[in-house]
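Here's the structure, in structure tokens; my notes come after.
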Amino acid sequence: MEENQLSEYFKNAEIIQQTAQQTQKDFGMLNFEILFSGNQETAYQELFVQIQTIVCKLLQQNYQQLMDVLYRIDVSEKKISETLKNLDAKTLPDIITALILNRELQKVIIRNTYSLK
């Protein structure tokens, strides 16, 4: 699923809630707390800011743990390596954060699409 296709799903309240829960679960397993107010209008930005803060901290202090987070969330290694090419330090946290949120959203969409209802 391409990134431009994913943005439409962030308008769906149930998908937003499930994405927040998936993000909380994945980060919680690595001892990071992600809070979600439940406000669907600010959900993406709310999650983005929290994840970006963690990404920035890990980029500066523990790169291996950042790689562990990306592995746990199942962000494509290909996308990571493409991201790391030709970037400056200011845009890297934003791009990694967007990759994380997009992957979390993809997991929710895939689970909803293929779950037995």
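Listing for the model above:
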{"item": "Candidate set from region 23-33 (those that are over 11 Å from the mean Cα position of the chain (by Cα) and without any contact (Cβ under 8 Å) to a residue 24 or more places away in the chain); member that is farthest from residue 12 (Cα to Cα)", "result": "31"}
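For every residue, the table says whether it meets (1) open to solvent by less than 60 Å² (accessible area, probe 1.4 Å); (2) without any contact (Cβ under 8 Å) to a residue 40 or more places away in the chain; (3) under 15 Å from residue 22 (Cβ atoms); (4) touching a strand residue (DSSP E or B) at 6+ places or on another chain (Cβ under 9 Å).
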| site | (1), (2), (3), (4) |
| --- | --- |
| 54 | yes, yes, no, no |
| 57 | no, yes, no, no |
| 69 | yes, no, yes, no |
| 76 | yes, yes, no, no |
| 82 | no, yes, no, no |
| 107 | yes, no, yes, no |
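The values are calculated or read from the model by the stated rules, or taken from the named source; none is laboratory data. This structure is a prediction, so every number in the text was calculated from the model and none was measured. Cβ atoms come from the backbone with ideal geometry, glycine included; neighbour counts cover every protein chain shown. Ligands, DNA and RNA are excluded from the accessible area calculation, which covers all protein heavy atoms including side chains. Shrake-Rupley method; radii C 1.70, N 1.55, O 1.52, S 1.80 Å.
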